Structure formats: structure tokens, C-alpha cells
Amino acid sequence: MGKELLGSLELNRIYQMDCLEGMKLIPNESIDLIVTDPPYTMTKRGKSCRPNWMPNNMGENVFDGKIPDTQSWMEQCYRVLKNETHFYTFCNINDITKYLQVAKDVGFKLHNIIAMIKDTGMPNRWYYKQTELVLFFRKGKAKPINDFTSRDNINVIMPKQSTGKIHITQKPYEFIEKLVTNSSKENEVVLDPFMGSATTAVASICNNRKWVGFEVDTNNIELANKRLEQIQLEDDLADYEK
Ligand SMILES: C[S@@+](CC[C@H](N)C(=O)[O-])C[C@H]1O[C@@H](n2cnc3c(N)ncnc32)[C@H](O)[C@@H]1O
């Protein structure tokens, strides 16, 4: 079967590229959904800190590179998304004001701010920090999520330890899967400009969506591709057993 293309890019693969360069190769209004989790630097008194559960092959720091300019990557997200689509981005409290303003400036409309509860919060003098925020925007006319009648809470509790994690900021699969299935249909194209361990890609594969993404770190790409190979093997085996 021939490879499916999106402009000059192949679908269903991670490109080792800065997403600012990569997204320029995506045609206007060709993407059905963006779910992403941009980098941030965890610091402790100005130094990167390494949690004690983190294995050596996860890299020395959360992200040591240059944090990409928010306006530049969000502008590209807006350009490549089709009309009446959704855009989800994780965000920390330091960046929330900037993200909300920039997203509005580039044309997105805010639908909601989703809080993902985690069990890894740290007690501190300003209450227990226990959530990760996900900003939920739309491009164009409002389109409801697919499963809006469900009373299920979107929140999942992030497990305390790192079991099964291959990336320090890897997001819980079930949470990402809900975003993907609620905001796209089968065969539609999902983009994640900051792939990390490829959780968005795994959720897309397991729910028959097409996908594409970018990642700058060689070690992350290698680990993500191994994860995807494993998923593909399990998928093929499931088809064979039918
Ligand atoms: C917060 S992590 C994403 C984690 C992902 N959600 C997961 O579940 O594994 C952000 C990723 O973006 C990558 N990154 C940072 N700057 C980038 C850029 N300009 N283009 C593409 N990837 C970038 C980092 O190497 C890191 O792996």
C-alpha cells in the first residue's frame, strides 16, 4: 500500500524536526484535530531537577532546549486546522495568561479549561499543586465534542509512580484518548507538534485516526518509535486473531 501524504509529509510518522519548521510543510486547513503538550523547564532554585524515579535513559532534564515561541507555533496550529475543529494544549500556571492571550490573538476561541488531577502533586506554601491544565479551544464555528452526553468525568488520576513511562512528561493514555475520540472521527488527521513519547499517536492508531507529529530530541524519537512498533505489532496480532 502506498504511503499517504499530507503536502510533502508522510502521514503516520514522527519527523525529527523543530515543529516550527515542520508545520510550515503542512497545507492550510488540512488537519482535523490538534492535541499537544509543549515543553516547559522544571526548575529548582534555577537548576533543572531530576526526579529520583527517572531512569538514566530518560535524559538529564525535562527539556533543555529553547522553548519555542508561543505565537509562532500557535499561529501555525491555527493555519493548518480546518474550520470547525478543536485544539487542546497542556499548559502550566506560569504560561496560562500568555497562552490564553496568544491563542485569542491568532484566532482561537476558548471553550473550556480542563484540569487533569495528578497524584504526584507537591505540598508547598501555596496549597498542594495537584493539577495539570489543558486549554480547550476551537477554530471557527463551535462543534460539540462527540460524547457530550456522557456524565463521565474527563479527569483521570495520574498514577504516582512512573510504571510504564518512557518519557518524563508522558501523559496518561486514557486522558489523551478521550480528547482524540471526542474531537475527531475515524480516518481524520490528528497533529501533535510536540510528540514526546507519542501518546497522541498511540491514541490515534488505536482509534483508527491518521496522525503526524514532530519531535526534536533523538532519544525521545527512538523511544517513541519503539512504542509505536509495539502498538502496531499488537494491532496486527489482534487483526490476525479475528
Ligand atoms: C511535554 S513533552 C510531550 C510529552 C507527550 N505529551 C507524551 O505524552 O509523551 C514536549 C516534547 O516536545 C519536544 N520539543 C521541544 N521543542 C520542540 C520543538 N521546537 N519542536 C518539536 N518538538 C519539540 C521535547 O523534546 C519534548 O519531548
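Laid out as a table, the results:
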item	result
Whole-Å distance, taken between Cα centres, linking region 169-224 and region 98-138	19
Accessible area (Å², 1.4 Å probe, nearest 10) - Arg13	90
In Å, descending, principal axis extents of the Cα set of region 4-44	44, 20, 17
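The values are calculated or read from the model by the stated rules, or taken from the named source; none is laboratory data. Predicted, not measured: the structure shown is a model, and the values here were computed from it. We work out accessible area using only protein heavy atoms, side chains counted, and drop any ligands, DNA or RNA first. Shrake-Rupley method; radii C 1.70, N 1.55, O 1.52, S 1.80 Å.
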